[in-house]
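The values are calculated or read from the model by the stated rules, or taken from the named source; none is laboratory data. Nothing here was measured: the structure is a model prediction, and the numbers come from that model. FYI the Cβ positions are ideal-geometry reconstructions off the backbone, even for glycines, and counts take in every protein chain you see. Each accessible area value is taken on the protein alone, full model and side chains, heavy atoms only, with ligands, DNA and RNA left out. Shrake-Rupley method; radii C 1.70, N 1.55, O 1.52, S 1.80 Å.
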Amino acid sequence: MTTTPEQNPTTSPGPPGGPAGGAAAVPADAPVPRARRFWSARRIPAALLAAVVLAAAGLLLYDVAAVRADRSAMSWRRRLAHALATRPLDDVVIIAGASVAVLLGVWLLVLALTPGLRNVLPMRREHTDVRAGLDREAAALTLRDRVMEVSGVQSVKVRVGRAKVGVRAVSHFRALDEVRADVETVLATGIDELGLARPLAPTVRVARPSRKEGKAK
């Protein structure tokens, strides 16, 4: 679980809604702050873009300085200037280069305008200056342990998405309808105890073990 103060991000393994040092609790009559998704710092794309821009700018600056010092321009810049001056706009190379530039720009805009961190689910705001998030894998493991406590469940697979949780359980005894009802009850309680800002919509499937699983047992 990740807890992030508004100005100083930190990581805390404490329980959802637990006390946080220096965090002021929300008064009972005060509106609860809206829990928003966590935004990624995008360090790797930003570092790659900065490195490319720095290298291109440095190379171009060196070439311009060399021309100002009465030296000949680099061959690649002469060829590029000649190609841009002579090639028509409907040339395949020009269209391909423009398409790559547009796709790269769209990709950078998407990175800049989307939160990212899809694996972190925002939790309910319990303090005015602390935000908490729960990793989807941790949520899946927690719900899996809760479902395994149901009588009759032999194995279970849990997949947690941004808005839904899918549970596929295998029951080797008891009626499937009874097992499904118990799994749905336990799952609803487990989802509520996760403390998520937006409760997950559960989907439960219960089946008997396959023949291969039975022989392996």
Of the residues S40, S12, which single one is at pLDDT 70 or above, open to solvent by less than 100 Å² (accessible area, probe 1.4 Å) and of a type in the set (S, T, Y)?
-> S40
Filter segment 162-186 for residues that are within 20 Å of T142 (Cβ to Cβ), of a type in the set (G, A, S) and modelled with pLDDT of 90 or more and give the result.
-> G166, A169
Residues G97, G116, G105: which one is among the small types (G, A, S), under 40 Å from the mean Cα position of the chain (by Cα), closer than 21 Å to S40 by Cβ and at pLDDT 85 or above?
-> G105
Got at least one residue in segment 99-119 being in contact with a Gly (Cβ under 6 Å, 6 or more places away or on another chain), closer than 26 Å to V183 by Cα, open to solvent by 60 Å² or more (accessible area, probe 1.4 Å) and not hydroxyl-bearing (S, T, Y)?
-> no
For segment 107-134, which residues satisfy the criterion of being in contact with a strand residue (DSSP E or B) (Cβ under 7 Å, 6 or more places away or on another chain) and either closer than 16 Å to G166 by Cα or without any contact (Cβ under 8 Å) to a residue 60 or more places away in the chain (or both)?
-> N119, L121
Of all residues in segment 163-192, which are under 19 Å from V120 (Cα atoms) and either of a type outside the set (D, E, K, R) or free of Cβ contacts under 8 Å to residues at least 12 places away in the same chain (or both)?
-> A163, V165, G166, G190, I191, D192
Among the candidates V150, V165, V179, single out the residue that is assigned to a strand (DSSP E or B) and open to solvent by less than 50 Å² (accessible area, probe 1.4 Å).
-> V165
Search segment 187-200 for residues being surrounded by fewer than 19 Cβ atoms within 10 Å (Cβ to Cβ) and out of contact with any Pro (no Cβ under 9 Å at 6 or more places or on another chain), and hand back the single one that is farthest from T142 (Cα to Cα).
-> P199
Considering every residue within segment 70-82, establish whether at least one is more than 30 Å from L111 (Cβ to Cβ), of a type outside the set (D, E, K, R), open to solvent by 100 Å² or more (accessible area, probe 1.4 Å) and at pLDDT 80 or above.
-> yes
